[in-house]
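One structure is given below, encoded as structure tokens.
The values are calculated or read from the model by the stated rules, or taken from the named source; none is laboratory data. Since we're looking at a predicted model, the values are computed, not measured. Glycine also receives a Cβ, built like all others from the backbone with ideal geometry; neighbour counts cover every protein chain displayed. All accessible areas refer to the heavy atoms of the entire protein, side chains included, with ligands and DNA or RNA removed. Shrake-Rupley method; radii C 1.70, N 1.55, O 1.52, S 1.80 Å.
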Amino acid sequence: MKRASSSLLQIQPPTYGNLITILSIDGGGVRGIIPAVILEFLESQLQELDGEEARLADYFDVIAGTSTGGLVTAMLTAPDTNNRPLFAAKDIKPFYLQNSPQIFPQKRCGLFGLVAKTLKSVGGPKYDGEYLHRVVREKLGETRLHETLTNVVIPTFDIKNLQPTIFSTYEAKETTSSSLDARLSDICIGTSAAPTYLPAYYFKNQDKQGNTREFNLVDGGVAANNPALVAVSQVSKQIFGRNPDFFPIKPMDYGRFLVISVGTGSAKAEKKYSAKSAAKWGVLGWLLNGGSTPIVDVFTLASADMVDFHLSVVFQALHSEQNYLRIQDDSLTGTVSSVDVATKENLEKLVQIGNNLLKKPVSRVDLETGLFEPIDNGGTNADALIEYACINIFNLLISLLMNIY
């Protein structure tokens, strides 16, 4: 796939290089600020190596994102009028700081406020989504899925069909009758429609042959809050389908993949729920408990962790663990673990958590406890990202040379 060029290089299809590079971004509402900080650092390292015009879309064969990660994915890959990424990574954090308070307006506190919030949660979503819909449409305009500057994968869940709908540029460009080639704005609104927080989203899309398909979407986190495995599967599908952009590789050749998966943090280490308390919950207890929404926490964390478990085991079993980097903080406590507390104080705390995460040691999930444990001699996450930036540049050089000769 032809990409927009950076200051020195133009990324070639992965068949010309050694690696298939994947960037994955989890869902998590306002906690999207955390990967925004991580990605700003990664892009800055690429710019040090390849000039200030370098952008993440220039270096990854696939960028995948769910929910808030889907919005970040679209912002990083949608083209501007010069056919360059609409947003640099450094622009994502200011976008969240500016718009989150309007997307998730904070209600009054106190007993009356708690009662009002509880009643609203029972009767409908906490937020009407109107501001989110407006700002997403304003930023992304009429850009469609096939127009992104690199391949993207954005999971959603169709509540009418009760099955995932994966918006993938690979699928969108396969045929002229692809109904998945929707506007990025519609895709982002759909993947962000978190149950109990934002309303489900309905839209129609018409393909080039005039056929219309209806979508009834909720948050992609229902299916894949961590979309890394979905991205790997989409690439594998292209390889098995003999896409000319890919060398034929063995099904288990994970050494060809370079995956960076960025989480939005979790409160797993806080152990906020217990079976004793949950045994007494009814519908209301599962929907609202201690200021959070347990049912949403459960399905998003379970989804993200199962993906990490799978990829960690497979990459380690095939002696390619150095090709998989998961950056996640599972020690969030209090309001920073929420998806919708958009006060200035909380948003600033999330920025600091992202900065602190760069300084933390590279960790892998412990398959027994589910917690992230530092690996021996792994350095910090910042060190790993610097190394990955160098690997990406080296892979591009190989791509360029192989394409020339």
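General remarks:
- Kirkwood Rh in Å, taken over all unlike Cα pairs in region 31-84: 11.8
- Per-residue HN-Hα couplings for region 301-317 [Karplus 6.51, -1.76, 1.60; θ = phi - 60°; Hz; x = Gly/Pro]: 5, 4, 4, 5, 5, 5, 5, 5, 4, 4, 5, 4, 5, 5, 5, 5, 4
- Applying a threshold of 24 Å to the alpha-carbon distances of LYS90/LYS344; LYS160/LYS204; LYS107/LYS280 flags LYS107/LYS280 as lying beyond it.
- When MET306, MET75 are compared by accessible surface with a 1.4 Å probe, the order from highest to lowest is MET306, MET75.
- Solvent-accessible surface (1.4 angstrom probe) belonging to GLU345, in square angstrom, nearest 10: 120
- Taking region 275-362 and dividing mean pair separation by its residue count, relative contact order in percent (alpha carbons under 8 Å, at least six apart): 15
- Full extension of the chain between TRP286 and ASP80 yields a length gain of 69.9 nm, computed as 0.36 nm times the residue separation minus the alpha carbon distance.
- Computed over region 191-232: relative contact order in percent, which uses C-alpha pairs under 8 Å that are six or more apart: 39
- Working from label points 7 Å from Cα in the Cα-to-Cβ sense, the THR212 to VAL298 distance is 3.9 nm.
- Summing +1 for each Lys or Arg and -1 for each Asp or Glu among the other residues whose beta-carbon sits under 14 angstrom from that of THR165 gives -3.
- Of the trypsin sites (Lys or Arg not before Pro) found in region 27-116, the ones in coil according to DSSP and having at most 14 other Cβ atoms within 10 Å of their Cβ are LYS107, ARG108.
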